[in-house]
Every structure is written in structure tokens, then in C-alpha cells.
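Here is the structure we will look at, set down as C-alpha cells.
The values are calculated or read from the model by the stated rules, or taken from the named source; none is laboratory data. This structure is a prediction, so every number in the text was calculated from the model and none was measured. Quick reminder, even Gly has a Cβ in these numbers, built from the backbone with ideal geometry, and neighbours come from all protein chains shown.
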Amino acid sequence: MTDIVVASAPGKVILSGEYAVLDGAPAICMAVGRRARVTLSGLAGDTFEVSAPGFSDQVSCFRLSADGDDRIQWTNAGDALRIVDSVFRAANVQDFAAQAIDLNTVEFADAVSGAKMGIGSSAALTVALCSALLNSADAAAIQGIALRAHADLQGDVGSGTDIACSIVGGLIDYRMKGSTVTRLDWPEKLSYRLIWTGSASSTTDKLAKLDAGASMPSRVRLAGASEAMAATWRSGDAVKIINDYADYCEVLHKFSIDHDLGIFDAGHSELWHTAKAMDLIYKPCGAGGGDVGIVLGLDDAAIEEFASKLTPDQAVLDARLSDTGVRVEKLETGQS
């Protein structure tokens, strides 16, 4: 008999607390309806086969060695498949039958350019692979393994916010200490659109730059502003959210300038000023300097008008809040 397991997990965007979450402040993060999917199907013999649509056109192969630190012995593999090494190590895989492993992240790439859109593809794929290996969508079983694997994959940088959001789904309040997650409801009357800037950015590079530079007073102010913004999100008051974001974005902008991070580069600054002129809120999501931002308001028609002003390189991202976190979508048993 051959088992086929299909697991998936959503991407994410960070709405507040970017960078400050590393200093103990809460991050507000929402899962989006673009999902990474992992399919496992049994193979005869002892050789695993890995395909990765969205990363590579080739099929890579490996075997599990009997012992040693490097238990995965690749016959051919690229850096894009380091996620398999990281997850297998974190899960301490000892005895696992050979599988065909399909790692699918095509929903995270721009259809025109093929560029990754910065909505958490690596975290979503890590969570989905953990879920598939365990054949479980239980958060308690997955979280520790996924956090260790993703930290290994990213060189021990990052807060774990994206992992938590991919596991839980929905809108969450996340604190790095204890990996604490609180689910929130999306505020009534608060409209939004996600905006793809048309330019990809590297969160890892920006975090490395932040760590290498001197810490300025605006870093402390951003932590305080993130605490206040999280409290506003927890209130569920759409009007207060819009009002408080005006100050939050100013603090984030100053933090970016002081630490030379370019958070508002790649079109974000222009979109921010356009939104302000229309009594809307626009901000980069996450590391910024490209990737995705969000426009927020109380009037859906005004947001549509804002969207009509986007440049040809920019676009409304077809992705909304996803209440569904990690899941095992299908378990089929057929004749081998």
C-alpha cells in the first residue's frame, strides 16, 4: 500500500511590530490565502526524490545515512533544498521510508516576473513539510520542530512570527518570548488591500544590517510604538487603528532612516504619501524595501481609488486574510 499525504500552510504579512518583535515587542501578523503545499508519496527502494516547483525545475535525490550529523546524503541538490536538511534535522528523522517529496510554493511568486513576493514562503513551506512528515496539523507537535528548522535555515535570525502565523492562521498577536500567540478578530469596518511593489526584498539581509549597525534611540521608540499598536489592534476599533497608524508609520520611517534599512524604498514611500493625501493608511509589511505593503481605510471605495493610482509595476495582490492555518489536506491510500 502507498500513502499520499498532502499538507499546506499559509503565507503571512506583518502589520505592526516589524523589527521591534526582536526586542520583545508584540507583532501583529495576518495569514494570507497563498499556501505552500507539500506532497509525500512512498517510493520503492531507499532513495528520496525532491521536486520544488517555484525553486527549481530539476528533481533532486538523497538517501538517509545510518548515523552521523549529516544524515541526508544528496546525490544532487541546490541551496533551495536546504529546507529539507533543516526540517529533517529538526525533526530528528531516524527511520523514514523513501518518499517522493513535492515542495510547491508557486503561489508565492509573481506570475509575470517569477519574483518571490515576500509573504513568508520559506516559513509556510517549513510548516507544511513538518506537518506532512508528522502527518499532523497539531500546533503543539509542529511548532518546536518548525521553529528550529526555520532558524537553522535562516542562520538563527528572525523572530518566529511567520512560523506561528503559518501554523495558526488568521490574525495573531505574537511575542517572541515563549512564542506566545493570541488569535484576534479582524475589526469590523476595516477595509484593506495588499499591494505588491513589483520588487523583491531580502529580510535576512536587512536583519543582518540591523545587527551590524549601531542601535539608535528610534529603535526603542519603535518597540514602544509596537506595544501601543498591538493594544489598538486588540481593541478591535477600526477608527482607532487608522488614527494610531499615522504615528506608528512616522516612528517606523524614522527608525528606517536612522538604521539605514530602506524600509520605505522601492515605491513604499510614494504609496505612503499618496495614501496620506487620501486619508488612508499605507505601510510596508515586514522588512520592507520592496515586497508587499498594505493600504487600510474605512471606505472601500477610497481604497479602490487608491489602487487605481498604482504604477504599472505595482499591483493589488490577490490574497486576503486566511483563517485556516496548517492543515493536512488529504490522506489517500492506494494499491502499490
Those residues of region 136-159 which are small (Gly, Ala, Ser) and either at negative phi or not in a loop (DSSP other than H, G, I, E, B) (or both) amount to 136, 137, 139, 140, 141, 144, 146, 149, 151, 159
By residue number, the members of region 244-284 that are part of a helix (DSSP H, G or I) and hydroxyl-bearing (Ser, Thr, Tyr) are 245, 248, 256, 269, 274
Picked from region 50-75 (must be at pLDDT 75 or above and hydrophobic (A, V, I, L, M, F, W, C)), the residue farthest from the chain's Cα centre (by Cα) is 64
- Flag if residue 97 is surrounded by 17 or more Cβ atoms within 10 Å (Cβ to Cβ), outside the structural domain of residue 244 (by TED's automatic domain parsing) and either at pLDDT 90 or above or not basic (Lys, Arg) (or both): no
For this session: Check region 168-178 and report whether any residue there is assigned to a strand (DSSP E or B), assigned by TED's automatic domain parsing to the domain that holds residue 292 and crowded, with 19+ Cβ neighbours inside 10 Å.
Result: no
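Residues checked against (1) free of Cβ contacts under 8 Å to residues at least 40 places away in the same chain; (2) within 30 Å of residue 22 (Cβ to Cβ):
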site	(1), (2)
227	no, yes
246	yes, yes
253	yes, yes
286	no, yes
292	no, yes
298	no, no
302	yes, no
321	no, yes
Across region 9-42, the tally of residues that are surrounded by 24 or more Cβ atoms within 10 Å (Cβ to Cβ) and hydroxyl-bearing (Ser, Thr, Tyr) stands at 2
Note on residue 187: of the conditions (1) without any contact (Cβ under 8 Å) to a residue 40 or more places away in the chain; (2) not in a strand (DSSP E or B); (3) not hydroxyl-bearing (Ser, Thr, Tyr), unmet is (1)
Just one listed residue, out of 163, 241, is crowded, with 22+ Cβ neighbours inside 10 Å, in the same structural domain as residue 29 (by TED's automatic domain parsing) and either of a type in the set (Gly, Ala, Ser) or part of a helix (DSSP H, G or I) (or both), and it is 163
Taking region 308-319 and keeping only residues that are in contact (Cβ under 8 Å) with a residue 24 or more places away in the chain and loosely packed, with under 15 Cβ neighbours inside 10 Å, one is left with 309, 311, 313
Pairing a residue in region 197-219 that is in contact (Cβ under 8 Å) with a residue 40 or more places away in the chain with any residue that is part of a helix (DSSP H, G or I), where Cβ atoms lie under 6 Å and the two sit 6 or more apart in sequence or on different chains, gives 216/258; 218/254; 218/255; 218/258
Here the residues within region 50-64 that are surrounded by 17 or more Cβ atoms within 10 Å (Cβ to Cβ) and assigned to a strand (DSSP E or B) are 50, 51, 52, 60, 62, 64
